[in-house]
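The values are calculated or read from the model by the stated rules, or taken from the named source; none is laboratory data. Small disclaimer: the values here were computed from a predicted structure and weren't measured. Backbone-built Cβ (ideal geometry, glycine too); neighbour counts: all protein chains shown. Just so you know, the surface numbers come from the protein's heavy atoms only, side chains and all, with ligands and any DNA or RNA stripped out. Shrake-Rupley method; radii C 1.70, N 1.55, O 1.52, S 1.80 Å.
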Amino acid sequence: DVVSLANNHVLDFGEPGMERTVAVLDAAGIGHAGAGRSNAQAAVPAVRTVKGMRVGVIAFTDNEPHWSAGPATPGTFYFPLDVAVDDVACARLFDTVRTVRSDVDLLVVSAHWGPNWGDEPPPEQVRFGRALVDAGADVVFGHSGHVVRGLEVYRQRPILYCAGDFIDDYMVDPI
């Protein structure tokens, strides 16, 4: 019902590819978040009602900073993890989380973040994930790293640091 477009591939085929993707999703009635024709559009959450519960999805990425949407340029809802969570660079993300939190029953933040490898979440992911929960996220759904990187329950809310791949597309480690 909902997909995240905040990732390091949404602009692989340029603006026309992203716009076609959005048009196809809209025509199919599939909600999307995390990319758009401007930073305002990229910040819009996808909201669906499931069994009477309003579920919101906000999607962001820390990949491909040059694909960050601007005031009038398409791209992703981009935020760097290497800054303090109260840094002005992150204010828009956390303000969005707080605002959407007041309008939904369940808030999922989809985070396409971090490096591709490693068994443990990097410290900046832990700090950022916990700050997202503190701001109002009920679930932080992390992905991007091609490996399962752990789950933490923080303040009774799950933070999936990296869900891994459904299919091992790199097959470099026989284990």
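Take every pair of alpha-carbon atoms less than 8 Å apart whose residues are at least six positions apart; their mean separation over the length of the chain yields a relative contact order of 17 percent. Might you report the magnitude of the Cβ-based charge dipole of the chain about its Cα centre, with Lys and Arg at +1 and Asp and Glu at -1, to the nearest 20 debye? In total the dipole reaches around 720 debye. Rounded to the nearest 20, the size of the Cβ-charge dipole of the range 81-151 about its Cα centre is 60 debye, with Lys and Arg at +1 and Asp and Glu at -1.
Under the convention that each Lys and Arg Cβ holds +1 and each Asp and Glu Cβ holds -1, the size of the dipole of the range 1-60 around its Cα centre is about 300 debye. Taking amide H atoms as placed 1.01 Å from N in the peptide plane, the amide H of Val147 lies under 5 Å from those of Gly164, Asp165, each 5 or more residues away in sequence or on another chain.
The helix-only estimate of mean residue ellipticity at 222 nm for the chain, built from DSSP H runs of length n ≥ 4 each weighted as -39500 (n - 2.57), is -8000 deg cm²/dmol after division by the residue total. Accessible surface area normalised per residue over the range 34-175 is 52 Å², counting heavy atoms of protein chains with a 1.4 Å rolling probe.
Between Ala91, Leu160, Leu5, whose Cα lies farthest towards the positive end of the dipole of the chain when Lys and Arg beta carbons carry +1 and Asp and Glu beta carbons carry -1, centred on the Cα centre? Of Ala91, Leu160, Leu5, it is Ala91. Based on every Cα atom in the range 1-53, Rg and the maximum pairwise Cα distance Dmax equal 11.5, 38 Å. Other residues with beta-carbon under 11 Å from the beta-carbon of Gly75 carry, at +1 per Lys or Arg and -1 per Asp or Glu, a net charge of -1. Principal axis extents of the C-alpha atoms in the chain (largest first, rounded to whole Å): 41, 37, 36. The amide H of Ser68, built 1.01 Å from its N in the peptide plane, has Thr76 as neighbours under 5 Å, considering only residues 5 or more places off or on other chains.
Taking only protein heavy atoms and a 1.4 Å probe, the accessible area of the chain is 57% carbon and sulfur.
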